[in-house]
1. Could you give the accessible area per residue of region 2-141, probe 1.4 Å, as a whole number in Å²?
2. Could you tell me the relative contact order of the chain? Use alpha-carbon pairs under 8 Å, at least six residues apart, and round to a whole percent.
3. Order these peptides, 74-81, 10-17, 106-113, by their mean beta-carbon neighbour count within 10 angstrom, highest first.
4. Rounded to whole Å and sorted largest first, what semi-axes of the equivalent ellipsoid does the C-alpha gyration tensor of region 56-111 yield via the square root of 5 times each eigenvalue?
5. Stokes-Einstein diffusion coefficient for region 5-49 at 37 °C in a medium of 0.692 mPa s, Rh from the Kirkwood formula over Cα pairs: what value in µm²/s?
6. Scaled to the compact-protein estimate 2.2 N^0.38 Å, what is the alpha-carbon radius of gyration of region 22-141, rounded to two decimal places?
7. At q = 0.11 Å⁻¹, what log₁₀ I(q)/I(0) does a Debye calculation on the Cα points of region 1-86 give, no solvent, two decimals?
8. Net charge near residue 19, counting Lys/Arg +1 and Asp/Glu -1 over other residues with Cβ under 9 Å of its Cβ?
Amino acid sequence: MRHDSTPEVIRELLTETKVWAVVGCSPEPARDSHRVAAFLQERGFRVIPVNPTVTGQILGEDCYPDLASIPATEGVEVVDIFRRSEHAGEYVDEAIAIGAKGVWLQLGVIDGAAVARAHAAGLSAVMDRCPAIELPRIVDV
């Protein structure tokens, strides 16, 4: 995987991966995290919700309190982070620890140091972008 937010890396993460953990996924349909997770599901991605305040399921998938709680057999490839910038780094570190291939920091989520750690660990990283905006630009949906 490549290590910057170029159009090539965006394309790579959106076309060569299928299992995304969505950190901060809300059970509320009006929330951006819920809408983006549903968008990804509708387009064939496996979405694994991560939210420490939710027990049960979101969008028909078991919700986990953190990335470490997701069984390794799920094969998380990309960690999509819907958290404030000051909290993003801990989830990038968790993504590195679970062996994800990439991290995606949502619109407005900026943490250059965390992205640098992801790069150093060999992960692809996208920052301050939304897959629901980027996917239609590169794939016929």
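The values are calculated or read from the model by the stated rules, or taken from the named source; none is laboratory data. For clarity, every value in this text was computed on a predicted model and none was experimentally measured. Virtual Cβ from ideal backbone geometry, glycine too; neighbours counted across all protein chains shown. The accessibility values were calculated without ligands, DNA or RNA, using every heavy atom of the protein model including side chains. Shrake-Rupley method; radii C 1.70, N 1.55, O 1.52, S 1.80 Å.
1. Here the per-residue accessible area is 47 Å².
2. Reported as a whole number, the value is 27 percent.
3. 74-81, 10-17, 106-113
4. Three semi-axes, in Å: 19, 14, 10.
5. Answer from the Stokes-Einstein relation: 296 µm²/s.
6. 0.98
7. These q points yield log10 I(q)/I(0) values of -0.29.
8. Computed value for this residue: 0.
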